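The block underneath contains the structure these notes are about, expressed in structure tokens.
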Amino acid sequence: MHDEIKNGITRTEQNNSMNYNVNEQGYYGEFGGAYIPEMLYPNVEELRQNYLKVMSDDAFQKEFKELLKEYVGRPTPLYYAKRFSEKYNTKVYLKREDLCHTGAHKVNNTIGQILMAKRLKKTRIIAETGAGQHGVATATVCALMGLECIVYMGAIDIERQAPNVARMKMLGATVVPATSGSKTLKDATNEAIRDWINHPEDTHYIIGSVVGPHPYPDMVARFQSVISEEIKTQLLEKEGREHPDYVVACVGGGSNAAGAYYHYLDNPDVGIIAVEAAGKGIDTGQSAATSALGKVGIIHGSKTLLMQTNDGQITEPYSISAGLDYPGVGPMHAHLFQSGRGEFISITDKASMEAGIALSKLEGIIPAIETSHALAIFETRKFKPDDIVVVNLSGRGDKDLTTYIDYFNL
Amino acid sequence: MNRIHKKLSEDKKLLSIYFTAGYPEVNDTVPILESLEKNGVDLVEIGLPFSDPLADGPTIQASSTQALLNGMTTQKLFEQLKDIRKTVSIPLILMGYFNPVLQYGVEAFCKECNEIGIDGCILPDLPLAEYNAHYRAIFEKYNLINIFLITPQTSQERIHAIDEASNGFIYMVSSASTTGAQEGFGNEQTTYFNRIATMDLKNPQVVGFGISNEATFNAATKQAKGAIIGSAFIKMITENGISGIPKFIRSIRPL
């Protein structure tokens, strides 16, 4: 049932009996696994053996849910965007992750992982960050729990994202510049992994997305799955049914998307739409649209789709949005793409910036530029008037004001 | 008999050198190999440069970045090594990350190695389970020895599983670190070296990471069969070039 062969990827027809979640070996279809050097094996193995046990513990769940409610501010509203819906002649709901403490969905995962780290008796926390959102969310929970926090950030990103660097420092974290390679997110991730190799006993690595070796993609997806859990309840109240016709989310590594899709993965009535950053255009050489430009390979310990040269060297992506600027994609999303379960759309810098302005003016909500990519699809992807479309509003635009100002000469 | 087995059966401690292919200059690969053999090195790890070498410290990272800038690729390395067996007879091992091998095609890669006369591979991010499930048969078909790493944190049980899957030597990482991070060995290493020595493994062990001079070489090979020098060699060649090799080797193993 192969309907498309592209870049060595065989894409199959949607198969409703297929499992879209991780299997016991840590794979989503052919993607995932733990391609790690032996130096990391004990750390990753300790996590793999314990994460499900810890997460299913009642006391853990109670503490996690209480922090999400009292500290993060959950549940976040599922807001019917009336004027936005009228403009595009369909029913659009916005899942307001932008209203979470620290301004994005990232904190759902860092709350979960800091509790995990404490259960595993780790005393030192490391993280990578691109634009700084995950770094801030990690520094925040470390302050909350009184744990040492070291955040690796590309030297170039440190210059570009000064306010988030200052936030992390205010929260007590040490920000270490990654000066290797291209000095951006992938290199910050490499540096965090190297730190973990050099600290095999006392350190937990809080990865910020559904990437990295198994069990990270699954663990992060589970922590973020609170998003779709809430959508189910909220939609039932508003529309009398738990499932929308479509769930739309932007995908860099893919953590907000994984959380928004999670409880709908196996429901064929729900269309899954993943929006990637086309940058200046897929064929310009300045893009981050991994599903269109990537090939199967290994990045940061995971077998997935990634942008690389024919020789297997990982290439540097480009997007106006720092949060989508990653050369790979989580293995869950690679599988959603390859299996045909997910519809993948790529959106240019220009279209996303215009969508950001449109939402601001129509609904009084300034979205993060990452999220603006998801909002931009309505210009070209048409829905029926009675379709219920949930867009995960993953983050707020405060951090992007300089970019908006420069782009539109505001 | 594979050259690695033959070398391991010799009654001596083995000195192994790691260097990054295509560094300092793209065409230095073959002259470096010839000089290493001439100066009595027992075996060599030829590093395939990778854009994201996450187990390596700054020295090897920098050499990889420069090698890639110099235009080094897997294809180019194979072209450079095409006639290597006319001039070099010591065991040669390719060491690199799995992604470039995956893109070349694992079978095509192994076949090419076999034709050139490469004896083994070290692919640190190809895990044991994956190797056993998907690639072992291919490596064996082309008579290529795949070498696994163990660290001070590797469990006894896993060491035995790695010993079982190995057919050559076990690469014993001296400490929990990236490459080039250690200066000498402490009590922790001595305890670890002693522990492994008493495990009665079927494969001999060669120690890597943290070996930079005669003292660390001797300490590492007190019980192990050999030791690998990487970052210290790269530092030397960065400063002195290929002509610095004889003096460097003699500083570790005096005549």
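Once you have a ≥ b ≥ c as the square roots of the Cα gyration tensor eigenvalues for chain A, tell me rounded if a/c is under 1.5, and otherwise prolate or oblate according to whether a/b is larger than b/c. It would help to have the intermediate numbers written out before the result.
On the way: a/c = 1.25, a/b = 1.21, b/c = 1.03.
Rounded is the answer for chain A, as its axis ratio a/c remains below 1.5.
Quick one: dipole size for segment A:327-405, taken about the Cα centre, charges +1 on Lys/Arg Cβ and -1 on Asp/Glu Cβ, in debye to the nearest 20.
Details: 8 positive and 10 negative charges, 22 e Å.
It works out to roughly 100 debye.
Provide the per-residue ³J(HN,Hα) series for segment A:87-94, in order, calculated from phi with Karplus coefficients 6.51, -1.76, 1.60 and θ = phi - 60°, each as a whole number of Hz, with x at glycine and proline positions.
Values, residue by residue: 4, 9, 6, 7, 9, 10, 9, 10 Hz.
Any chance you could look up the accessible area of A:His204 with a 1.4 Å probe, heavy atoms only, rounded to 10 Å²?
About 0 Å², rounded to the nearest 10.
Quick one: which residues, 5 or more positions from A:Lys91 or on another chain, have an amide H under 5 Å from its amide H? H modelled 1.01 Å from N in the peptide plane, none for Pro or chain starts.
For A:Lys91, whose amide H was placed from the backbone, the distant partners under 5 Å are A:Asp387, A:Val389.
At 0.36 nm per residue, and after removing the present C-alpha to C-alpha distance, how many nm does the segment from B:Glu214 to B:Asn27 gain when stretched out fully? Don't skip to the answer; put the middle values down first.
Values: separation 187, 0.36 × 187 = 67.32 nm, distance 2.91 nm.
Separation in residues times 0.36 nm, less the Cα-Cα distance, equals 64.4 nm.
Within 10 Å, count the other beta carbons around each residue, average over each peptide in A:327-337, A:283-293, B:198-208, and list them highest first. Don't skip to the end; give the middle numbers.
Details: A:327-337: 29.1, A:283-293: 20.0, B:198-208: 17.5.
Listed from highest to lowest mean packing, they are A:327-337, A:283-293, B:198-208.
Okay, helix-only estimate at 222 nm for chain A: each DSSP H run of n ≥ 4 adds -39500 (n - 2.57), divide by all residues, round to 500 deg cm²/dmol; what do you get?
Working: 16 runs with 161 residues, N = 410.
So the calculated ellipticity at 222 nm is -11500 deg cm²/dmol.
I need the phi-derived Karplus couplings for segment A:132-148: 6.51 cos²θ - 1.76 cosθ + 1.60, θ = phi - 60°, integer Hz, Gly and Pro marked x.
Per residue, the Karplus-derived 3J(HN,Hα) values read x, 5, 5, x, 5, 5, 6, 4, 4, 6, 5, 4, 4, 9, x, 10, 5 Hz.
How big is the charge dipole of segment A:254-352 about its Cα centre, in debye rounded to the nearest 20, if each Lys and Arg gets +1 on its Cβ and each Asp and Glu gets -1 on its Cβ? All intermediate terms of the calculation are to be shown ahead of the outcome.
Working: 5 positive and 9 negative charges, 17 e Å.
Around 80 debye, computed over segment A:254-352.
Just tell me how shielded B:59-66 is by partners: mean number of partner chain Cβ atoms within 10 Å of each residue's Cβ, no decimals. List each step's numbers first, then the result.
Numbers: counts 0, 0, 6, 1, 0, 3, 3, 0.
Rounded to a whole number, the mean comes out at 2.
Got a sec? Charge dipole of segment B:3-252, +1 on Cβ for Lys and Arg, -1 for Asp and Glu; which of B:Tyr104, B:Gly168, B:Ser231 is way out at the positive end?
Of B:Tyr104, B:Gly168, B:Ser231, it is B:Gly168.
Choose one of A:His101, A:Leu375, A:Gly212: the residue whose Cα lies farthest towards the positive end of the charge dipole of chain A (beta-carbon charges +1 Lys, Arg; -1 Asp, Glu; about the Cα centre).
A:His101
Counting only the heavy atoms of the protein chains, how much of A:Ile405 is accessible to a 1.4 Å probe, in Å² to the nearest 10?
Probe radius 1.4 Å; accessible area of A:Ile405 about 80 Å².
Running Debye on segment A:225-321 with equal point scatterers at the Cα sites and no solvent, what base-10 log of I(q)/I(0) appears at q = 0.12, 0.24 Å⁻¹?
-0.50, -1.16
Helix-only estimate, please: 222 nm mean residue ellipticity of chain B, summing -39500 (n - 2.57) across DSSP H runs of length 4 or more and dividing by its residues, to the nearest 500. Each step should come with its number before you reach the end.
Details: 12 runs with 106 residues, N = 255.
My calculation for chain B gives -11500 deg cm²/dmol from helical runs alone.
At a probe size of 1.4 Å, how large is the accessible area of A:Thr233, to the nearest 10 Å²?
80 Å²
Let's see if you can work this out: charge +1 on each Lys and Arg Cβ, -1 on each Asp and Glu Cβ, no other charges. What is the dipole magnitude of segment B:1-91 about its Cα centre, in debye to the nearest 20? List each step's numbers first, then the result.
Details: 10 positive and 12 negative charges, 74 e Å.
Value, rounded to 20: 360 debye.
Within 10 Å of each Cβ in peptide B:96-104, how many partner chain Cβ atoms are there on average? Round it to a whole number, please. Write down the numbers at each step before the final one.
Numbers: counts 1, 6, 5, 12, 8, 2, 8, 11, 3.
Shielding by partners across B:96-104 averages 6.
Which shape class applies to segment B:3-252: rounded if a/c is under 1.5, otherwise prolate when a/b exceeds b/c and oblate if not, where a ≥ b ≥ c are the square roots of the Cα gyration tensor eigenvalues?
Cα axes put segment B:3-252 in the rounded bin.
Which residues' amide hydrogens lie under 5 Å from the amide hydrogen of B:Asp56, considering only partners 5 or more residues apart or on another chain, with H built in the peptide plane?
Long-range HN contacts for B:Asp56: B:Thr179.
Across peptide B:43-55, what mean number of C-beta atoms from other chains lies inside 10 Å of a residue's C-beta?
Numbers: counts 0, 0, 0, 0, 0, 2, 2, 4, 15, 15, 5, 17, 9.
Per residue, the average neighbour count from other chains is 5.
The values are calculated or read from the model by the stated rules, or taken from the named source; none is laboratory data. Note that the structure is predicted; figures quoted are calculated from it, not measured. So basically every Cβ, Gly included, is an ideal-geometry build from the backbone, and we count neighbours across all protein chains shown. Accessible surface areas use protein heavy atoms only, side chains included; no ligands, DNA or RNA. Shrake-Rupley method; radii C 1.70, N 1.55, O 1.52, S 1.80 Å.
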